[in-house]
1. In Å and whole numbers, how far do the C-alpha atoms of the range 79-179 stretch along each principal axis, longest first?
2. Once neighbouring chains are kept in place and the probe is 1.4 Å, which whole percent of the accessible area of the range 23-64 is contributed by carbon and sulfur?
3. When N counts the residues of the chain, how does its alpha-carbon radius of gyration compare numerically with 2.2 N^0.38 Å, as a ratio?
4. Mean separation of Cα pairs under 8 Å and 6+ residues apart, divided by the residue count of the range 11-142: what relative contact order is that in percent?
5. Please report, for the Cα atoms of the range 104-158, the Rg to one decimal and the Dmax as a whole number; what are they, in angstrom?
6. Placing one identical point scatterer on every Cα of the range 33-114 and ignoring solvent, what is log10 I(q)/I(0) from the Debye formula at q = 0.12, 0.16, 0.20, 0.26 Å⁻¹?
7. Quick one: accessible area per residue over the range 81-179, 1.4 Å probe, rounded to a whole number of Å²?
8. Checking the cross-link filter: which lysines have an alpha carbon closer than 25 Å to that of Lys173, excluding same-chain neighbours under 8 positions apart?
Amino acid sequence: MPDPVTDTVARALVDPAKFRSLMTTHPAGVAIVTTTARDGEPWGMTCSSMCSVALQPPTLLVCLRAESPTLAALLQVSAFSVNLLHDRAVPAANLFASGAADRFEKVKWVPEPEFGLPHLLEDAHTIADCRVSRTLPVGDHLVVFGEVLQVETQSNEPPSPLLYGMRQYGSLKVSRTDA
């Protein structure tokens, strides 16, 4: 029976393992999303589902697992940081993907002075602080839209962003050329 809106016949969705396999062939930048709960406890998780949305107002989105304690803390305070990782930050990416309870004890971080959000100074090449502007549930994740309040670059050198694809880490090395 055709769908009344699209006038197409409904088809079964692809198996989740095949979908995951598809997505591994599309490398993505790696970030750690951090926040601080109302009680001051820092939270964070590795995220490769992040992209820009708009310039006016400057907005990005991150997709976080709906059951994540990091997401719960982020929603309490309606603010988060996106720590864009450089290519030497594989240990931090793995640590924050593991869900280890002591992850903030194993990395160098500082609370951002104005908002108190955790900044991973040694692992990030750039950090964006955001306030939640809206959310959208999609399957087992929540898409969180964040208006970017400030951006902090950690170095004067061109970044070498950490990428993840084909189930392995890599980097995009950018060399500075003299004109």
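1. Principal-axis extents of the range 79-179 (Cα, largest first): 45, 33, 30 Å.
2. 59 percent
3. Against the empirical 2.2 N^0.38 Å value, I get 1.13 for the chain.
4. 27 percent
5. When restricted to Cα atoms, the range 104-158 yields Rg and Dmax of 13.8, 40 Å.
6. Once normalised to I(0) and log-transformed, intensities are -0.35, -0.64, -1.00, -1.51.
7. Dividing the accessible area of the range 81-179 by its residue count gives 59 Å².
8. Lys108
The values are calculated or read from the model by the stated rules, or taken from the named source; none is laboratory data. Fair warning: this is a prediction, and the values are worked out from it, not measured in the lab. With ligands, DNA and RNA removed, areas are computed over all heavy atoms of the protein, side chains included. Shrake-Rupley method; radii C 1.70, N 1.55, O 1.52, S 1.80 Å.
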